[in-house]
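The values are calculated or read from the model by the stated rules, or taken from the named source; none is laboratory data. Keep in mind the model is a prediction, meaning the values are calculated, not measured. Ideal geometry is used to build each Cβ from the backbone, glycine not excepted, and the neighbour counts take in all protein chains shown.
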Amino acid sequence: MSKRINLDNLKTFLTQLKTNITDPIANDVSTLSVKVRNAESNIITANSNISSVQQALNDKVNKTE
């Protein structure tokens with residue numbers, strides 16, 4: 001027994017298909033964006049810490065010269 005698809009059913013199907021495809025992708029992109037921002041923040045913090053250590057070492061070297 002075959003069932004014919006009318007335009008309303010096709011429209012509903014395509015809307016659901018679009019939602020099921022785009023929503024997970026949008027969520028993944030949003031999650032990745034947050035992770036990238038966090039990674040960037042961690043890199044900035046690490047760079048600042050390294051700079052502080054370098055400055056402290058430079059100060060110590062200058063005091064011993």
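How many of the residues in the stretch 27-65 are hydrophobic (A, V, I, L, M, F, W, C) and modelled with pLDDT under 90? Walk me through it before giving the result.
Residues of the stretch 27-65 that are hydrophobic (A, V, I, L, M, F, W, C), as a first pass: 29, 32, 34, 36, 39, 43-44, 46, 50, 53, 56-57, 61.
Narrowing the set further to residues that are modelled with pLDDT under 90 leaves 61.
Of the residues in that region, 1 qualify.
Looking at this structure, is Arg4 loosely packed, with under 10 Cβ neighbours inside 10 Å and not acidic (Asp, Glu)?
Details: loosely packed, with under 10 Cβ neighbours inside 10 Å: yes; not acidic (Asp, Glu): yes.
Answer is yes for this residue.
State yes or no: is Lys3 of a type in the set (Lys, Arg) and part of a helix (DSSP H, G or I)? Spell out the reasoning first.
On the way: of a type in the set (Lys, Arg): yes; part of a helix (DSSP H, G or I): no.
No; evaluated as a whole, the condition is false for this residue.
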